[in-house]
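The values are calculated or read from the model by the stated rules, or taken from the named source; none is laboratory data. Please read all numbers here as calculations on a predicted model, not as lab measurements. As a convention, Cβ positions derive from the backbone with ideal geometry for all residues, glycine included, and neighbour counts pool all protein chains shown. These area figures cover heavy atoms from the full protein model, side chains too; ligands, DNA and RNA do not enter into them. Shrake-Rupley method; radii C 1.70, N 1.55, O 1.52, S 1.80 Å.
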Amino acid sequence: MASGILGQSDLKQQAFAVRRTYFPDEIDFYAPGLKRYSTEEFEQKRPRAFLPISLTGSSCALQCDHCESKILEPMISPAKDESLFYLCKRLSDSGTEGVLISGGSSPITGGVPLLKFTHDIARIKSELGLRVFVHTGLVCEKTAAELKNAGVDGVMIDVIGADETIRDVYHLNFSVKDFDRSLELLMKYGHSVRPHIILGLHYGKFIGEYSALEMIAQYSVHALILVILTPLAGTAMQNTKPPEVSEIENFFQESRLRLPRTPILLGCARPPGKHKEAVDRAAVDCGLNGIAYPAEGIVAYSGSKGLKPNFHEKACSCGC
Amino acid sequence: MFTVHNYNIYPDLFYDPKEHFWLKAEGKRARIGMDPLVQDSMGAFVVVQLDPVGKLMSKGDSFGTVEAEKYVGPFRSPVSGIIVAVNEQVVQNPRLTNAEPYGNGWLIEMELTDFEKEKDGLLTGEEPVRKWFEHEIQRYQEKEWLAES
């Protein structure tokens, strides 16, 4: 690891210093239209500017222990007999400028079934002019190639660094090597890759996160998105204790030092309340470049650290 | 009770016209929950975090946060006081607030510290509440907060 034998306070300062070396003194805050959002510091004005779409509705065959399709439920889906293109046309006509395309994954491929939609995606790009970002899951070479041909603006993939998490949480018969291979393929085809690491994914414990970070560090990804296990009611992890803020902070520091020139963002999925306030503060202290749906007071806090805030009404992984 | 566009309204409750909380005040104590219109606009509640018993708050202070299908943000107290009870059922099952907004879906109970002054900023009684609610439904519809996505 990059941390060596420095104390925690030193590491935090070092991480922030790295940020100041390689990035301007600005921090980006994101509030996409996935949810209405309002604090004293940041209020959405155009919540329909950037919207999430699920290609599979609220269905997912994997039923991962931390999600069980809950994350898909608020997403927009094509109506019965409506194509993805016409859904996007409808959204575009009402002011939407970009979409994040996601959905449930197949246990056979480990990925979102995107191949049958690449033609529509190409039309969305060429005829509607929308920005299109895609959450892929595992990809094969054909998917990586066709998404590139379709003109997607960026791809997201959850990177898992432990075989037991892939097996026990995602219920997939794949390995860490398959996630590495997917990253390799996406990079091979010239995608703008924005991998995600879910901290505490394995029932609140850190198991494969540092391995995932190391895997990602082998590639020139566009940005790294860090999210945190959020126990959701009605899932197998509803009573799981999220990871401690101190562990999360350690990971923020390590990520910053390991990827000094890569934008690192704190994504929207993280436990609410006091935990979120502390994590958001840690994200600023450790030199992360942006935060989605920041807790109240974090904009002012980042100002106190000499960072000028920028506000975006799009997903962090799609706005950087 | 009366209804406005299929939303139940109780004229004996106090309603916060800004944050859409209802208050059932009994002496110096009040039970607080969210009205069904604002919950409809937020979608199903996914995570509810409530601050602990004993917290002293001024009107407008946050007493917790909610992540719902279509909303993320704080709960801002409609009145000043001390939290004396927290509904743990809602923390364990956030969708209870959607299912029973006036019943088991309450959020907190407070010991009120300035209610005589602060109640002037709240609405109660059929006529004022009906008028406000009709206006709010229209406003929410214009903002597409109630429209099918």
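Just which residues of the stretch A:71-95 lose 10 Å² or more accessible area with every protein chain there, against their chain alone, with the probe set to 1.4 Å? Residues shielded by partner chains are A:73, A:74, A:76, A:90. Spread over its residues, the convex hull of the C-alpha atoms of chain A is 124 Å³ per residue. The spacing between the stretch B:1-66 and the stretch A:150-168, judged by their C-alpha centroids, is 40 Å.
Put simply, the amide H of residue B:85, placed in the peptide plane, has neighbours under 5 Å in B:109, leaving out anything fewer than 5 places away on its chain. Heavy-atom accessible area buried between chains B and A is around 1900 Å² (1.4 Å probe, both sides summed). For chain A, there are no membrane-span-like helices by this rule, meaning no whole DSSP H stretch whose C-alpha atoms cover at least 27 Å of axis and whose Kyte-Doolittle mean is -0.5 or above; this says nothing about an actual membrane. Remark on the stretch B:37-78: accessible area falls by at least 50 square angstrom from chain-alone to full-complex state for B:47, B:67, B:69, B:71, B:72, B:76, probe 1.4 angstrom. Counting heavy atoms of the protein chains only and a 1.4 Å probe, report the per residue accessible area for the protein assembly as shown as a whole number of Å². Result: 42 Å² per residue. Seen through its C-alpha gyration tensor, with square-root eigenvalues sorted a ≥ b ≥ c, the stretch A:237-307 comes out oblate because a/c lies at 1.5 or above while a/b is not bigger than b/c. Working note: Karplus 6.51/-1.76/1.60 with θ = phi - 60° gives the stretch B:26-37 the couplings 9, x, 8, 10, 9, 9, 10, x, 9, 6, x, 5 Hz, where Gly and Pro are set to x.
Could you identify which residue out of A:113, A:52, A:272 has the top mean-square fluctuation in a GNM of chain A using Cα springs shorter than 10 Å? Result for chain A, Cα springs under 10 Å: A:272 fluctuates most. Computed in the context of the full set of protein chains, the accessible area of the protein assembly as shown at 1.4 Å probe radius has 49% of its extent on carbon or sulfur.
Would you mind classifying the stretch B:63-149 by shape? Square roots of the alpha carbon gyration tensor eigenvalues, ordered a ≥ b ≥ c; an a/c under 1.5 is rounded, otherwise it is prolate if a/b is larger than b/c and oblate if not. Judged from the Cα gyration tensor, the stretch B:63-149 comes out oblate (a/c at least 1.5, b/c at or above a/b). The Cβ shell under 11 Å around residue A:117 holds other residues with a net charge of 0, Lys and Arg each +1, Asp and Glu each -1. In this structure the amide hydrogen of residue A:67, modeled in the peptide plane, comes within under 5 Å of no amide hydrogen from residues 5 or more places off or on another chain.
With a Förster radius of 30 Å applied to the beta-carbon distance between residue B:146 and residue B:120, the computed FRET efficiency rounds to 0.55.
Summing Cβ point charges (Lys, Arg +1; Asp, Glu -1) relative to the Cα centre of the stretch B:13-121 gives a dipole of roughly 60 debye.
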